[in-house]
Amino acid sequence: MRDLSEFSTFPFELPVTVRPLDPPVPLEPAREGEDGADCWLCRTPDEVFLWTDDRWRLSLYTPSPLRGVVLLQPRVHAQSFAELPPAEAAGLGPMIGRVQAAVEALGGIGRVHVHYWGDSSAHLHVWFYPRPYGQLQLRGTFFGMWSVLLPDLPDEEVRHAGDLVARTLAAG
């Protein structure tokens, strides 16, 4: 294994034992909501989301070790960027910019990292991970790893940040 401890952003001390990869499976399991009919995000009422408009919905990730981790989902069921209808596809870039700016408006944010993983839910959802300003060890590709290792912030702090993001988006 390559010595990753040379990176100041690597969250572990050596030695680290890497688990071997399992052999590939012949058929991947279905994701939740694969056919759209049983999609929990499609069935979730708007009141549950932090913010909504006619095309997009934003939810808060909690519990969280970070203020302002939010997920952007299209209102329409699409499993990937490639499946977005033309209007949603055209609006995605500007919407990502709006959400990023709303999270940055919390203050104390060094960068907002935007991620897409499509392995669990079949409804497209884009993650926004705000790195706290000055937390240089959280920079780069290990940030996702750090986010599951750090202790969670108090729920009221996470929810307050989410409310501020929603208000900033609502203000336009």
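A convex hull fitted around the alpha carbon atoms of the range 80-156 yields 130 Å³ per residue. Helical runs assigned H by DSSP (4 residues or longer) give the chain a calculated mean residue ellipticity at 222 nm of -8000 deg cm²/dmol, each run adding -39500 (n - 2.57) before division by the residue total.
Projected onto its three principal axes, the C-alpha set of the range 16-172 covers 48, 45, 27 Å, listed from the longest axis down. The mean sequence separation of alpha-carbon pairs under 8 Å and at least six residues apart, normalised by the residue count of the chain, gives a relative contact order of 29 percent.
Here the Karplus curve 6.51 cos²θ - 1.76 cosθ + 1.60, taken at θ = phi - 60°, turns the phi angles of the range 50-59 into couplings of 5, 7, 9, 9, 6, 10, 10, 9, 10, 10 Hz, with x standing for Gly and Pro.
Computed over the chain with a Gaussian network model linking Cα atoms closer than 10 Å, the most mobile of L149, L21, L124 is L21.
Every read-out reported here was derived from the displayed coordinates using simple, explicitly stated rules and does not represent laboratory data. All figures in this text were calculated on a predicted structure; none of them were measured in a lab.
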